[in-house]
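Here's a structure for you.
Values quoted throughout were computed directly from the atomic coordinates according to the rules given, and no laboratory measurement underlies them. Since the structure is predicted, the reported quantities are computational estimates derived from the model, not experimental observations. Please note: Cβ atoms are built from the backbone with ideal geometry, for glycine as well, and neighbour counts cover all protein chains shown.
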Amino acid sequence: MKYVVVTGGVVSGLGKGVTASSIGVVLKACGLRVTSIKIDPYLNTDAGTMSPFEHGEVFVLDDGGEVDLDLGNYERFLDVRLTRDNNITTGKIYQSVLDKERRGDYLGKTVQVVPHITDAIKNWIESVSVIPVDGKEGPADVCVIELGGTVGDIESMPFIEALRQLYFSLGQDNFCLIHVSLIPVLGVVGEQKTKPTQHSVRELRALGLTPHFLACRSAEPLLEGTKQKLSQFCHVSIGNILNIHDVPNIWHIPLLLQNQNAHDAILKQLDLINVATPPNLQEWNNRAQKFDDLKDSVRIAMVGKYVGLTDSYLSVVKALLHACISCSLKPAVDWIAASDLEDDSAKLTPELHAAAWKTLKSAACVLVPGGFGDRGVKGMILAANYARVNKVPYLGICLGMQISVIEFARSVLGLKRANSSEFDAQTPDPVIIFMPEGSRTHMGSTMRLGARRTLFQTSDCITAKLYHNQKFVDERHRHRYEVNPEVVGMLEEAGLKFVGKDESGQRMEIVELPDHPFYVGVQFHPEFKSRPGKPSAPFLGLILAATGQLGAYLSEQQNGSL
């Protein structure tokens, strides 16, 4: 196994995940099979209990793993299906070592960071890197490892030591270290400063690792003098200094790397030059160019509770992007804090309230994504009501589907206190209830998680047609509450149709309003399996409906021309 390790310096948030993904794309374009591992140095065993405000979205894998959002980048860029073990955290490593110690596996030895923790890290990396993730037999050719955080952080020290040991044991031809750093421009002089990168590389070398490549993040392309300075003071050959400057969209980054012949240099370092083929990135080039050339856009009202940090809904945003591009449109997402739509907001912050409603009413469609807790729920219900009554295309995901059911029960059935037992434990009409196998005492990994099957109850519904008339779909879930089976009959009689259910028939997975242009709720999270060039069906349906193209698309598909 050949390893490409991506570390970061100077500041966090430089885009190591996109850089690592793009390196994987370029190597894959050279005919190599690529897998990836993300190392997160935090103590949590997974990302499941973290606030989206602090850490961005929690990405869910097929096996139910709740992981860092960078694994979503890997899956989208490389079109692979990763496992929970492809995300290593300090918590997972220490937990595995402590479990061994309690069992007596260390035979009375004193358990220490070196060698026991570092050995556990190396063993984890070597065992996970050989698991195929691209649907083919046998291990991949290259494993791209991203080390989260910034070099010099106390929590990442055991991982850097483990990687140093791994490099020593694997040898020069099997290990390639790429250090992502920042080249800032300060003051009116506009000089590109190399000192932060010099310090970062010096710290990395002091820990026993010397980078083979520098991936320099900058606003503008690096000047030749800046490259020479970096080469001289960081001991990296000038041909191995890669510049990832700001680009119109992230699909340009693999092309940037290709244009700098990064693939040749990395293949030479890994002794794969005779195995690989010239890179074929035509599809990426077409996609990046197509996006740059788009002129028309579609306004999408995103009504959520974590809108202060757009990374909280990263996969939703990407799924909207994939759907819009397939319709030759740019997404114009209007972020609306759900609480700003509420009646209380009209009294406390009238300007925000008025602006939120103006934004909602000017959008071509409404999307209510997933979330937890009762903050903003009243605003989401108002948004769902607006979309239903005014025939505005609506997509509700997870909580967004539950919101549409609550709103319908209140407005159409007249159950004024209809609610989810998550928000009101005393509600006389619990249309959303706690799922039976969930845990009320533990937060982590206690939800209905991962890929589950949804069976279509009829082929004559919008969602089934968008999924190409399949009998069933396997989509990823992440929730604790779901539609109360006891109220389904009553809701269906009033016109709300549950067109997708699980294999037991007790869990409601997809809801539609037949007399509406597009009013769809899904209990699963279709955004997690959306890919560039392969948009998620519910998102595609929303954009098609918002632009008046849905009817034509469905009739073309029925006629077999799509």
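Calculate for the chain the 222 nm mean residue ellipticity that helices alone would give, adding -39,500 (n - 2.57) per DSSP H run of length 4 or more and normalising by residue count, nearest 500 deg cm²/dmol. Please report the intermediate quantities before stating the final value.
Details: 20 runs with 204 residues, N = 562.
That comes out to -10500 deg cm²/dmol.
If amide H atoms are built 1.01 Å from N in the plane of the peptide, which residues on other chains or at least 5 residues away come under 5 Å of the amide H of residue 144?
When sequence neighbours closer than 5 places are left aside, the close amide H contacts are 4, 35, 36, 37.
Measuring from centroid to centroid over Cα atoms, what is the spacing of region 313-359 and region 126-160 in Å?
36
Continuing with the same structure: For the chain, give me the percentage of DSSP beta bridges that are antiparallel, rounded to the nearest 5 percent.
On the way: 25 of 75 bridges.
Taking every DSSP beta bridge within the chain, about 35 percent pair in antiparallel fashion.
Please list the three semi-axes, largest first and in whole Å, of the ellipsoid equivalent to region 258-299, using sqrt of 5 times the eigenvalues of its alpha carbon gyration tensor.
Details: eigenvalues 221, 18, 11 Å².
Computed over region 258-299, the values are 33, 9, 7 Å.
Place a +1 charge on the Cβ of each Lys and Arg in the chain and a -1 charge on the Cβ of each Asp and Glu, then give the dipole magnitude about the Cα centre in debye, rounded to the nearest 20.
Working: 56 positive and 63 negative charges, 102 e Å.
Dipole about the Cα centre, nearest 20: 500 debye.
Now for a different question. Lys/Arg Cβ at +1, Asp/Glu Cβ at -1, dipole of region 71-141 taken about the Cα centre: which of 80, 117, 138 is farthest positive-ward?
Of the listed residues, the answer is 117.
How many percent of Cα pairs in region 120-256 exceed 23 Å? The partial results should precede the final answer.
Numbers: 4086 of 9316 pairs.
Considering region 120-256, 44 percent of its Cα-Cα pairs are separated by more than 23 Å.
Under a point-charge model restricted to the Cβ atoms of Lys and Arg (+1) and Asp and Glu (-1), what is the dipole moment magnitude of region 294-559 relative to its Cα centre, in debye to the nearest 20?
Numbers: 30 positive and 28 negative charges, 119 e Å.
Charge dipole of region 294-559: 580 debye, to the nearest 20.
Sort the following peptides by mean Cβ neighbour count (other Cβ atoms within 10 Å, averaged over residues), highest first: 387-398, 548-559.
387-398, 548-559
Excluding same-chain pairs closer than 8 in sequence, count the lysine pairs in region 2-289 whose Cα atoms lie under 16 Å apart.
Eligible lysine pairs with Cα atoms under 16 Å apart amount to 17.
What do you get for the angle between helix 118-128 and the principal long axis of the chain? Use alpha-carbon atoms, 0 to 90 degrees, nearest ten.
Its long axis makes an angle of about 60 degrees.
Oh, and also: How far, in nm, would the chain grow between residue 361 and residue 168 when pulled straight, counting 0.36 nm per residue and subtracting the alpha carbon separation?
63.4 nm
Non-local amide H neighbours of residue 431 (under 5 Å, H modeled in plane, Pro and chain starts lacking H): which ones?
When sequence neighbours closer than 5 places are left aside, the close amide H contacts are 419.
Spelling out what I want: for every residue of region 41-50, take phi, set θ = phi - 60°, compute 6.51 cos²θ - 1.76 cosθ + 1.60 (Karplus), and round to whole Hz; glycine and proline get x.
For region 41-50, the Karplus-derived couplings read x, 6, 7, 4, 6, 8, 8, x, 9, 7 Hz, x marking Gly and Pro.
Let me ask something additional. For region 474-550 and region 163-240, compute the distance between their C-alpha centroids and round to whole Å.
That distance is 48 Å.
To the nearest 20 debye, what charge dipole does region 278-389 have about its Cα centre, counting +1 at the Cβ of each Lys and Arg and -1 at the Cβ of each Asp and Glu? Display every interim value, and only then the final one.
Numbers: 13 positive and 12 negative charges, 43 e Å.
Charge dipole of region 278-389: 200 debye, to the nearest 20.
Can I ask one more? Between (1) 41; (2) 44; (3) 37, which entry matches percent of Cα pairs over 34 Å apart as derived from the coordinates of this structure?
Label (2) holds the value from this structure.
Report the one residue of 382, 551, 510 whose Cα lies farthest in the direction of the positive end of the charge dipole of the chain (charges on C-beta: Lys and Arg +1, Asp and Glu -1; origin at the Cα centre).
551
Determine, for each peptide in 40-53, 282-295, 255-268, the mean count of other beta carbons within 10 angstrom over its residues, then list the peptides with the highest first.
On the way: 40-53: 18.0, 282-295: 14.1, 255-268: 19.9.
Per-residue Cβ counts within 10 Å, averaged per peptide and sorted highest first, yield 255-268, 40-53, 282-295.
Near the amide H of residue 499, under 5 Å away, which other amide H atoms are found, from residues 5 or more places off or on another chain, if H is placed in the peptide plane?
It is 510, 511, 512, by chain and number.
Of 315, 240, 408, which is farthest along the charge dipole of the chain in the positive direction, counting Lys and Arg as +1 and Asp and Glu as -1 at C-beta?
240
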